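We did not get these values from a lab; they are worked out from the coordinates using the rules stated. A quick note: this is a predicted structure, and the numbers were derived from the prediction, not measured. Quick reminder, even Gly has a Cβ in these numbers, built from the backbone with ideal geometry, and neighbours come from all protein chains shown.
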Ligand SMILES: Cc1cc2nc3c(=O)[nH]c(=O)nc-3n(C[C@H](O)[C@H](O)[C@H](O)COP(=O)(O)OP(=O)(O)OC[C@H]3O[C@@H](n4cnc5c(N)ncnc54)[C@H](O)[C@@H]3O)c2cc1C
C-alpha cells in the first residue's frame with residue numbers, strides 16, 4: 001500500500017497535522033503509533049499516584065500522545081510551550097494558536113476560558129512587578145486528566161470520518177528513502193514523512209537524524225522541586241489564571257527561575273525511570289484535592305566544554321534517588337531553611353498533608369547543587385510577596401523535578417528538514433513543549449506539505 005503522507009506519532013502534533021491535511025486535501029494519510037487507542041490507555045498511576053513504567057508507557061504513548069492522559073491545560077499563547085515567534089510574525093502566530101484552540105473546543109475542550117480581566121491581571125502584574133517578578137498573562141483552558149481522553153477520542157473519530165487511517169501498536173523503526181520500515185518488518189511507501197514522535201520517541205528521532213545527516217542541537221533543562229501547599233493559599237491567583245506563570249531572576253546567581261505546571265487542587269505524582277525517580281503533578285476537573293502543587297524550576301543550559309545538559313540533570317536525579325532509597329525526597333521548606341532533614345513526625349505535625357506518601361523525608365540540599373537550593377529559597381521568598389503563604393515553613397518541597405527537552409532538529413518555517421519531503425513537528429523534534437504549540441507545529445508541517453503539493 002502506498003500513502004501520500006505517513007505521520008509517525010498520534011500525539012497532538014501528528015493528529016493536528018492529519019486534521020489539516022484531511023480538511024484541505026484528498027491526500028492518503030496514515031498515522032502510525034506504537035501505543036494503544038485512547039480508550040485502552042489506562043494508567044495505574046491514577047489509583048496509586050505512582051508510575052510503574054508500563055511498556056510502552058500509557059502516559060506517553062498512544063492515540064493522543066503524552067497529551068492523551070495529561071492535565072490538558074491549554075496555554076493559548078504563541079510563546080508558551082515553544083516559540084512560534086521564531087517562525088512567523090506575531091499576528092500570524094496568534095492566528096495559528098487561536099485556530100488550534102478552536103479545534104480543541106470543537107472536539108470538547110471546555111468553552112470556559114481562564115483569562116485575567118484587565119483589572120485583575122493588571123493588579124497581579126503590578127504586585128508581582130513590585131516584588132521584581134514578571135507575571136505572564138496567559139489565556140487558558142483546563143480540560144482535566146479526567147476529560148482529555150474524550151477530546152482525543154472525538155478528534156480521532158473526526159479524522160477517521162475524513163479518511164485518515166491509524167496503525168497502532170506498531171513502531172516505525174527506520175526512515176528509508178521514500179519508505180518506512182515498521183516493527184513487523186513490513187515496509188510502507190510514502191511521498192511525505194512527518195516525524196512527530198514526542199518525548200518518548202525523541203531518542204529514536206535523534207538516531208534517525210544522525211543517520212540521515214540532519215543538524216541537531218542540545219536544548220536546556222529545568223531543574224528544581226515540586227512545591228505543595230494548601231489550596232487556599234493559591235486559590236486567589238488560580239482564579240485569575242488556572243496555571244499562573246511567574247518568572248523570576250534570582251538575586252545571587254542571576255538565574256531564570258519559574259513556576260510551571262500548577263496543579264490547582266491537584267496531586268503530586270511519582271515518576272519511575274530506568275535509573276532514577278522523579279516527581280510531577282496532575283489535577284482532575286471533577287475531583288479536588290486539599291492542596292495545590294507546582295514545579296519551581298531553574299533553567300540550565302550548558303555551553304562548553306559540555307553541552308549535554310540532559311546528562312547533568314540525570315546525574316542530579318540519580319543522586320536524589322540514591323539518597324531517597326529509591327523514592328523521591330520530601331522536605332518542609334522550614335527544615336531546608338534551618339539546614340536539617342525532615343522527618344515524618346515534623347511533616348505530619350505541619351499544615352500541609354502530602355498527597356504523595358511514597359517519598360522519603362530528607363534534605364534537598366544534599367542532592368541539589370547549592371546554586372539551585374539558593375534559587376529555590378530566594379525565589380520562594382520573593383514569590384511569597386505576591387502569594388502570601390507560599391514560603392511558609394510547612395510548605396513541602398519534593399525532589400527531584402527535572403524537565404528534559406528533546407534535541408532540536410533544524411527546520412525551515414514549514415517544519416521541513418534539510419531532506420526534501422521529510423518534515424518534523426512537536427516535542428520530539430524540540431520545537432515545542434506543550435499541547436498548543438505541538439499541535440500548531442503539526443498544522444505548520446501539514447501546510448508545508450500542502451504547499452509542496454500545489455507547487
Ligand atoms: C504527564 C504529562 C502532563 C502534561 N500536561 C500538559 C498540560 O497540561 N498542558 C500542556 O500544554 N502540555 C502538557 N504536557 C505536554 C504535552 O502533553 C506535550 O507537549 C504534547 O503531547 C507533545 O505532543 P507531540 O505530538 O509532540 O508528542 P506526544 O504527545 O508525545 O506524541 C508522540 C507520539 O508518538 C509515538 N511514537 C514515538 N515514537 C514512535 C515511533 N518510532 N513509531 C511509532 N510511534 C511513535 C508515541 O507513542 C506518542 O504517542 C504534559 C505531558 C505529560 C507527560
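Summary of computed values
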item: Value of relative contact order over the chain, rounded to a whole percent, pairs C-alpha under 8 Å and six or more apart; result: 23
item: Convex hull volume per residue in cubic angstrom - Cα atoms of the chain; result: 137
item: Rg/Rg_globular for the stretch 221-404, with Rg_globular taken as 2.2 N^0.38 Å and Rg from C-alpha atoms; result: 0.95
item: In degrees, nearest ten, helix 118-130 long axis to first principal axis of the chain (Cα); result: 60
item: Viscosity 1.306 mPa s, 10 °C: Kirkwood-radius Stokes-Einstein D of the stretch 366-419 over Cα pairs, µm²/s; result: 108
item: Among 358-371, 211-224, 392-405, 144-157, the order from most to least packed when residues are scored by Cβ within 10 Å on average; result: 392-405, 144-157, 358-371, 211-224
item: Sorted peptide list for 381-389, 59-67, criterion being average Cβ within 10 angstrom, highest first; result: 59-67, 381-389
item: On Cα atoms only, tilt of 12-24 relative to the major axis of the chain in degrees; result: 40
item: Mean Cβ neighbour count within 10 Å, used as a protection proxy, ranking 304-313, 80-89 highest first; result: 80-89, 304-313
item: For the stretch 303-370 versus the stretch 411-446, the gap between their alpha-carbon centres in whole angstrom; result: 35
item: Separation of alpha-carbon centers, the stretch 172-195 and the stretch 236-275, rounded to whole Å; result: 39
item: Helix-only [θ]222 nm of the chain, DSSP H runs n ≥ 4, -39500 (n - 2.57) each, per residue, nearest 500; result: -9500 deg cm²/dmol
